[in-house]
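Working notes for the structure below.
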Amino acid sequence: MIQNQKMKMLQNVDQEKEFTNTFEALGGVNKELGFINKDKLQKLLMDEFGLEIDMELFLKEIDIDKDGDIDFQELRNLLKF
């Protein structure tokens, strides 16, 4: 049981690091600062994943606090499934 808990903790740390790396790669400074560059996000979604989406609608849905930017928590919510 203790080993299972340790494994879950390590997985959570790895996942959090991935969220942070993704956020920084898209223009965020760190978890507490900055926001994602919308153009980089759109390019990633279209070029890397081949998604054709209505970016304005997409941003409205993931921009929880409606400030016009995608912050760390909003990206984390998007990527967590």
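The values are calculated or read from the model by the stated rules, or taken from the named source; none is laboratory data. All figures in this text were calculated on a predicted structure; none of them were measured in a lab. Cβ sites come from the backbone with ideal geometry, for glycine too, and all protein chains shown count toward neighbours.
Looking at (1) assigned to a loop (DSSP other than H, G, I, E, B); (2) surrounded by fewer than 12 Cβ atoms within 10 Å (Cβ to Cβ); (3) at pLDDT below 80, which is the only condition residue 31 fails?
Condition not satisfied by residue 31: (2).
Select from segment 46-71 the residues that are closer than 19 Å to residue 24 by Cβ and touching a residue at least 12 places away in the same chain (Cβ under 8 Å) and write down the one among them that is surrounded by the fewest Cβ atoms within 10 Å (Cβ to Cβ).
62
Checking residue 51 against (1) of a type in the set (A, V, I, L, M); (2) assigned to a helix (DSSP H, G or I); (3) at pLDDT 80 or above, only one condition comes out false. Which one?
Exception for residue 51: condition (2).
Can you name the number of the only condition in (1) among the aliphatic types (A, V, I, L, M); (2) touching a strand residue (DSSP E or B) at 6+ places or on another chain (Cβ under 8 Å); (3) at pLDDT 85 or above that residue 57 fails?
Tallying (1) among the aliphatic types (A, V, I, L, M); (2) touching a strand residue (DSSP E or B) at 6+ places or on another chain (Cβ under 8 Å); (3) at pLDDT 85 or above, residue 57 fails exactly one: (2).
If I filter segment 70-78 for residues that are among the acidic types (Asp, Glu), outside any helix (DSSP H, G or I) and within 16 Å of residue 20 (Cβ to Cβ), do I get at least one hit?
Yes: one or more hits.
List every residue pair whose Cβ atoms sit under 9 Å apart, with the two residues 6 or more apart in sequence or on different chains, where the first one lies in segment 25-38 and is free of Cβ contacts under 8 Å to residues at least 12 places away in the same chain and within 10 Å of residue 75 (Cα to Cα) and the second, anywhere, is β-branched (Val, Ile, Thr) and crowded, with 17+ Cβ neighbours inside 10 Å.
none
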